[in-house]
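Below: the structure, in structure tokens.
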Amino acid sequence: METKMLAASDVVLAARLLTAGEIVIIPTETVYGLAANALDSSAVSKIFRAKGRPQDNPLIVHVSSIEMMEGLVQEVTPLARKLAERFWPGPLTIILPKTARVPDITSAGLDTVAIRMPSHPVARKIIEVSGLPLAAPSANLSGRPSPTTVQHCIDDMYGRVAAIVQDGPCDVGVESTVISLIGERPTLLRPGAVTEKQLREVTGKLDIHPSILEQLKADEKAASPGMKYKHYSPKAEVTMVEGSAESYCKYIAENAGPAVFALCFDEDLPNIKINEKISYGSVKNANTQAQRLFDCLRELDKQGAQTVFAHAPLKEGVGLAVYNRLLRACGFRVIKLK
Ligand code: TXA
Ligand code: MG
């Protein structure tokens, strides 16, 4: 397929392709998304094909207004409305019971649907101009780190999509926070830039799904099907190392070898004696870590890393999202140092 490279101002062209049932990569504030008309089963099936995505993993539907959401869910509950007022447009996805308008393929056969209103002006404009709710997973090949730059999208998807709408690097860098309003209590299914603490200010009670920090057992049903797949994986074998700067740098020195890399913090750099090191930001700045993480994982592949020891982030605030993604990138291999 010929992939058109569009400018951020080409919203009308992008909207026209989407209306015609094509799939188009669009920038969002979290990561680049691979969009299709969420109400058109055949368009949505192209997303699954292009990404190589398992059919049982549902998509997030992106809207530009609450009115657009109203036709997709059974009811915009008072709590959903409060969350939307506080965090939309922005990196929060809300799960509610769906209506029959949402095709099975979009929700992967579930009777619920995930909805988000992005804050990125280009994403919102494309939704507005097309008038379509857009199903959009992250625009990576399934299993690869989510794309946070146009180059990442080209590397994974050129020739597989009708167009790529180009913009700068994504502000947030990790995917949206996902909250489910299905059970008795609101439940955090995926951490993101909207933090647990911020959510609690609106929801009061909030359950944290165990899969955020633990591997699901083989027979456990995933509340968020995406959580069960191996994710964000570079080709290298990544291990997360929890410990102080001192113990981490010592560990790296002891485990140095060919194609062994450190994925560390700025503060670690001077004390790591090997040359194969990449920093994903200051230990104190989870926002920067989130912005850089996926790019660093892809960079490690480019540099031929075979073994990576990643210094674990703090699990607080946005750091929980960074930890959650890194945990999946390393297939839950974690070493805890004293
Ligand atoms: O920031 C984001 O959310 C990005 C941008 C493009 O908006 N999109 C994104 O989509 O991350 P994706 O498909 O990579 O991740 C969607 C996650 C998956 O873990 C999926 O299983 C979960 O949301 N999900 C979607 N619909 C769901 C539902 N009805 N119930 C439970 N989980 C759902
Ligand atoms: Mg994804």
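The values are calculated or read from the model by the stated rules, or taken from the named source; none is laboratory data. If you're wondering where the values come from, they're calculated on a predicted model, not measured in any experiment. Cβ: placed from backbone, ideal geometry, glycine included. Neighbour counts: every protein chain shown. Only protein heavy atoms, including side chains, enter the accessible area calculation; ligands, DNA and RNA are left aside. Shrake-Rupley method; radii C 1.70, N 1.55, O 1.52, S 1.80 Å.
Report His311's accessible area, 1.4 Å probe, all protein chains in place, as a number in Å² to the nearest 10.
Spelled out: His311, probe radius 1.4 Å, area about 10 Å².
Quick one: Kirkwood hydrodynamic radius for region 62-142, alpha-carbon pairs, angstrom, one decimal?
13.0
Starting from the amide H of Arg190, placed 1.01 Å from N in the peptide plane, find each other amide H under 5 Å away whose residue is 5 or more places distant or on another chain.
Residues meeting the amide H criterion: Val178.
Taking Cα atoms of the chain, Rg/Rh with Kirkwood Rh, to two decimals?
Taking Rh as the inverse mean 1/r over Cα pairs, Rg/Rh reads 0.97.
Jot down the per residue volume, in cubic angstrom and as a whole number, of the convex hull over the alpha-carbon atoms of region 230-319.
Spread over its residues, the Cα hull of region 230-319 gives 88 Å³ apiece.
What residues of region 239-253 lie in the reach of a label at Asn271, counting those whose backbone N is under 17 Å from a point 7 Å from the Cα along Cα→Cβ?
241-253
Hey, which of these cross-link pairs are over 30 Å Cα-Cα: Lys197/Lys338; Lys98/Lys205; Lys82/Lys315; Lys4/Lys125; Lys205/Lys338?
The pairs that break the limit, which is 30 Å between Cα atoms, are Lys205/Lys338.
Efficiency by 1/(1 + (r/R0)^6): what FRET value for Ala245 and Ser65, r their Cβ-Cβ distance, R0 = 51 Å, to the nearest 0.05?
The calculated FRET efficiency here is 0.60.
What is the spread of the Cα atoms of region 1-97 along each of their three principal axes, largest first, in whole Å?
Its Cα atoms span 45, 33, 22 Å along the three principal axes.
Within the chain, which is the longest segment that contains none of the GluC sites (Glu not before Pro) sitting in a DSSP loop with at most 14 other Cβ atoms within 10 Å?
Of all site-free stretches, the longest is 76-183.
First measure r as the distance between the Cβ atoms of Ser42 and Ser9, then evaluate 1/(1 + (r/R0)^6) with R0 = 41 Å and state the FRET efficiency to the nearest 0.05.
Once rounded, the FRET efficiency stands at 0.90.
With charges set only on the Cβ (+1 for Lys and Arg, -1 for Asp and Glu), what does the dipole of region 232-338 come to about its Cα centre, in debye to the nearest 20?
So the magnitude is around 240 debye.
How high is the relative contact order of the chain, given as a whole-number percent (alpha carbon pairs under 8 Å, six or more residues apart)?
For the chain, the relative contact order is 19 percent.
Which percent of the Cα-Cα distances in region 98-222 go past 20 Å?
Across region 98-222, Cα pairs with separations above 20 Å total 58 percent.
Using only the alpha-carbon atoms of region 43-95 as identical scatterers, what base-10 log of I(q)/I(0) does the Debye formula give at q = 0.16 Å⁻¹?
-0.59
Take the chain, connect every pair of alpha-carbon atoms lying under 10 Å apart with a spring to form a Gaussian network, then pick out the residue of Pro58, Pro27, Pro270 with the largest mean-square fluctuation.
Comparing Pro58, Pro27, Pro270 in the GNM, the peak value goes to Pro270.
At a Cα cut-off below 15 Å, give the aspartates and glutamates reachable from Lys51, other chains included and same-chain residues fewer than 8 away excluded.
Glu22, Asp155, Asp156
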